[in-house]
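The values are calculated or read from the model by the stated rules, or taken from the named source; none is laboratory data. It should be emphasised that the depicted structure is a prediction, and the values quoted were computed from it without experimental measurement. Every residue, glycine as well, gets a Cβ built from its backbone with ideal geometry; the counts of neighbours run over all protein chains shown.
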Amino acid sequence: MLATALTLLRPVRARHLLEPALADRKVDTEAVRATLRDHYSHPDGFCRHVRADDPAEVCSVYSIVMDLDARELAIAPHPACEFPYTTWRLDDLFARQDDAPRWVKEMPHV
């Protein structure tokens, strides 16, 4: 896949969309999700749909957001603008269990 000029535009667009939350120091997962659902510069935006005229073109498959403080992983199927995110608590997924691998048992849990 070749990078396009729009590849350089996406970080600028993300910062623009997140700017109000950044100014208040309140960037949360909902603000990030809204950014990933953005269609600016369609069809090359963050939320890239399958194009009827070119189904082989690049499109979004999943949208993934991690909240490292809350230790949560959220995934929405394609297209993220049409589906809700499903959230998993990582501590629940990797709970310490007797049969868990040693690295899981030794993970620091916040």
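Annotation: of all residues in segment 38-71 being buried (at least 16 other Cβ atoms within 10 Å of the Cβ) and of a type in the set (Gly, Ala, Ser), the one that is nearest to residue 95 (Cα to Cα) is 63.
Considering every residue within segment 3-18, establish whether at least one is in a loop (DSSP other than H, G, I, E, B) and over 17 Å from the mean Cα position of the chain (by Cα). Reasoning before the result, please.
At the first step, the residues of segment 3-18 found to be in a loop (DSSP other than H, G, I, E, B) are 3-4.
So of that shortlist, the ones also over 17 Å from the mean Cα position of the chain (by Cα) come out as 3-4.
Scanning segment 3-18, I find at least one residue that is in a loop (DSSP other than H, G, I, E, B) and over 17 Å from the mean Cα position of the chain (by Cα), so the answer is yes.
Applying the condition of being of a type outside the set (A, V, I, L, M, F, W, C) and surrounded by 13 or more Cβ atoms within 10 Å (Cβ to Cβ) to segment 1-15 and asking which residue is modelled with the highest pLDDT yields 13.
Taking the numbered list (1) at pLDDT 85 or above; (2) of a type in the set (Gly, Ala, Ser); (3) surrounded by fewer than 16 Cβ atoms within 10 Å (Cβ to Cβ) in turn, residue 76 passes all entries but (3).
Of note, residue 92 does not satisfy the criterion of being in a loop (DSSP other than H, G, I, E, B), charged (D, E, K, R) and exposed (fewer than 12 other Cβ atoms within 10 Å of the Cβ).
For segment 19-38, how many residues meet the condition of being part of a helix (DSSP H, G or I) and without any contact (Cβ under 8 Å) to a residue 12 or more places away in the chain?
Here is the first cut: in segment 19-38, the ones part of a helix (DSSP H, G or I) are 19-23, 29-36.
The next check asks that each one be without any contact (Cβ under 8 Å) to a residue 12 or more places away in the chain; those that pass are 19-23, 30.
Residues meeting the conditions: 6.
Scanning segment 39-81 for residues that are more than 19 Å from residue 17 (Cβ to Cβ), more than 12 Å from the chain's Cα centre (by Cα) and not in a strand (DSSP E or B) yields 50, 52, 53, 55, 56, 57, 58, 59, 68, 69, 70, 71. Assess whether residue 31 counts as being of a type outside the set (Lys, Arg) and touching a Phe, Trp or Tyr at 6+ places or on another chain (Cβ under 6 Å). So residue 31 fails the test.
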